[in-house]
Amino acid sequence: MKLKSLLLAAVALATAAAGSAKTITLLNVSYDPTRELYVDYNAAFAKYWKAKTGAAVVVQQSHGGSGAQARSVVDGLQADVVTLALAADIDALHTICMLVPGVCQKRLPVHSTPYTSTIVLLVRKGNPKGIKDWDDVIRPGVSIVVANPKTSGGARWAYLAAWGYAQQRYGSEAKAREFITELYKHVPVLDSGARGATTTFVKNGIGDVALSWENEAFLAIKEFGADKFEIVVPSTSILAEPPVSVVDRVAKRKGTTAVAKAYLEYLYSDEGQDIAGRNFYRPRNAAIAAKYASVFPQIPLFTIDGLFGGWTKAQQTHFADGGVFDQIYQK
Amino acid sequence: MAGPASTLLAAGAPPRTAAHRATQDPAWLRWALIGTAIVFLGFFLFLPLVAVFAEGLAHGLRTYLASFREPDALAAIRLTLLTAGIAVPANLVFGVAAAWCITKFPFRGKSLLITLIDLPFAVSPVISGLIYVLVFGARGWFGSWFLDHNIAIIFAVPGIVLATIFVTFPFIARELIPLMQAQGSDEEMTAVTLGAGGWQIFWRVTLPNIKWGLLYGVILCNARAMGEFGAVSVVSGHIRGETNTMPLHVEILYNEYNFAAAFAVASLLALLALVTLALKTFVEWRSQQLGRT
């Protein structure tokens, strides 16, 4: 009898302990190059949240091509938050299955993008092909590495960066289309994600120039050494805005809405911004950005809203089935 | 053992030179063929295998071993073992039942059943994965019902197990069917006339006869269950420490520029494959021996 009550007490105690020490688990479904950024940030956020509320939070990560990741979330991958490469992929969560309400770019400050990036040209050390700007990329004999714009967000930004340059430089959309058509003739393989493309370029030694996320290019140099690769800053490029959003329906079901919101908002804090800067993403916060001013080159950046009329339109015109990319790539 | 070998030698020794010209090709041709085969094997099988271990050990034994202490790596190994641990017994039961049914009883639609069993061999693993996304995905047939009841199938462990079972479905049945067909059902018939029941026949007659073939099938099934990439990749969702099996973990490490760790985990997979092959060879040798006596 005594033993039984003792056992019961132990069980009650154990369940109580488990209850109070229950850790919150969030799933952040992100695009390819943010792996290192979110490893750092998740640790920082867990510490912040523990200090603030006393609750432990573990953030799980899933990475892949931005379009493919959005597709998985549509198919039921239980993401509390998505941090994808471009607004169109998050908007797909709204238009296809109403997982998020409305246009994602209006939900958090500055287009829901706590950090930005751009597209630069990554070349081999000494720049053997003498690539200085976008025009040099399509010279005869230059081989280009870039991912598939159908599945990769970075590749879509790269496509639009090249298009924007050509349109501004040569003055018409027809000329820009010619430029892009020529560009993709120089691409031997299309990887499905940005990281795959970088690996193709740096590890497998394919190609003379990679059209890469600025953060990917910096990371490749950090990992492989400045004696192997260098970054060529083009005369102009695009302001790449990778947005973040809570996936409301999932978070509500899991009861994590509050912590998911805090997770994204903390990206805008000084610490969050600093982590972004350290991982080669351009911070939005001017004070923190100033700290990293020497890292990021000054490039005149055009925006997707200014030149392409926003993501919805750009996505329809260029990347939808039968869009411009399909037309030029099949030729 | 020594008996047949020595008689063979004794018989073969005297007319050796005579037999040579009549039955064999010129020396240069033989050596060219043997050489090509060796170079081919070395280049396409041996070299990559060595490369996996060499890359894994590139930064020394300590980093090699440290790759396995990573929580994500441990989780991947655990998940792989769990998946194989469920998929192989499930297919074992199914495979034996199907083979028994197909080879010991006549019935309508038998050839249709055999074709169905072969289906997973015929479709690409990516399709096998997508089937489950279409059925259990949030917008699939049963997806919303499962979501409402908080049951996770795809992008969770059940989906990975299901996809693995599907892909490894035919291995055991396919191994047993020809064997049991060749054996026929005479022994079972005899057992029936002697008054044995169904279970008795299965345990005392059928199972001992197919034992080695069954083991062979289990080994192949297990190898594929641990190594499957395509189908599992589609239903995994790639959540670290949660839904990544060893092959997926290798890809992730590689993509994170963590080449030494990627090849370390890859070498563990290769090692599992080598052990499997060794077991397979042993089983083959053993069953041949038993066949001879």
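The values are calculated or read from the model by the stated rules, or taken from the named source; none is laboratory data. Every value quoted in this text rests on a predicted model; they were computed, and no experiment measured them. Using ideal geometry, Cβ is built from the backbone for each residue, glycine included, and neighbour counts are taken over all protein chains shown.
Taken over the stretch A:245-300, the criterion of being of a type in the set (Asp, Glu) and touching a residue at least 24 places away in the same chain (Cβ under 8 Å) is satisfied by A:248, A:265, A:271.
Within the stretch B:255-290, the set of residues being closer than 17 Å to residue B:66 by Cβ, within 14 Å of chain A (Cβ to nearest Cβ) and either in contact with a strand residue (DSSP E or B) (Cβ under 6 Å, 6 or more places away or on another chain) or assigned to a helix (DSSP H, G or I) (or both) comprises B:259, B:260, B:261, B:262, B:263. Take the stretch A:276-296 and flag every residue that is within 15 Å of the chain's Cα centre (by Cα) and of a type in the set (A, V, I, L, M). Within the stretch A:276-296, A:276 is the sole residue that qualifies.
Scan the stretch B:131-160 residue by residue and report those that are surrounded by fewer than 17 Cβ atoms within 10 Å (Cβ to Cβ) and either in a loop (DSSP other than H, G, I, E, B) or at the interface with chain A (Cβ under 8 Å from one of its Cβ atoms) (or both). Across the stretch B:131-160, the qualifying residues are B:139, B:141, B:142, B:149, B:150, B:151.
Every residue, every condition in (1) outside the structural domain of residue A:69 (by TED's automatic domain parsing); (2) touching a Ser or Thr at 6+ places or on another chain (Cβ under 6 Å); (3) under 30 Å from residue B:262 (Cβ atoms); (4) of a type outside the set (Phe, Trp, Tyr), yes or no:
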residue: A:124; (1), (2), (3), (4): yes, no, yes, yes
residue: A:137; (1), (2), (3), (4): yes, no, no, yes
residue: A:144; (1), (2), (3), (4): yes, no, yes, yes
residue: A:148; (1), (2), (3), (4): yes, yes, yes, yes
residue: A:157; (1), (2), (3), (4): yes, no, yes, no
residue: A:193; (1), (2), (3), (4): yes, yes, yes, yes
residue: A:202; (1), (2), (3), (4): yes, no, yes, yes
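Residue count for the stretch A:79-105, restricted to those that are buried (at least 19 other Cβ atoms within 10 Å of the Cβ), at pLDDT below 85 and closer than 25 Å to residue B:149 by Cα: 2. Looking across the stretch B:226-244, just one residue is touching a Phe, Trp or Tyr at 6+ places or on another chain (Cβ under 9 Å) and more than 14 Å from chain A (Cβ to nearest Cβ), and that is B:231.
Checked across the stretch A:41-50, the condition of being within 28 Å of residue B:130 (Cβ to Cβ) and polar (S, T, N, Q) holds for no residue.
Would you check which residues across the stretch A:55-78 are facing chain B (nearest Cβ under 9 Å), hydrophobic (A, V, I, L, M, F, W, C) and surrounded by 24 or more Cβ atoms within 10 Å (Cβ to Cβ) and list them? A:73, A:77, listed by residue number.
Report the residue count in the stretch A:222-231 for those that are within 13 Å of chain B (Cβ to nearest Cβ) and either of a type in the set (Ser, Thr, Tyr) or under 18 Å from residue A:158 (Cβ atoms) (or both).
Our first condition is that a residue be within 13 Å of chain B (Cβ to nearest Cβ); within the stretch A:222-231, this holds for A:222-225, A:228-229.
Adding the requirement that they be either of a type in the set (Ser, Thr, Tyr) or under 18 Å from residue A:158 (Cβ atoms) (or both) leaves A:229.
Number satisfying all stated conditions: 1.
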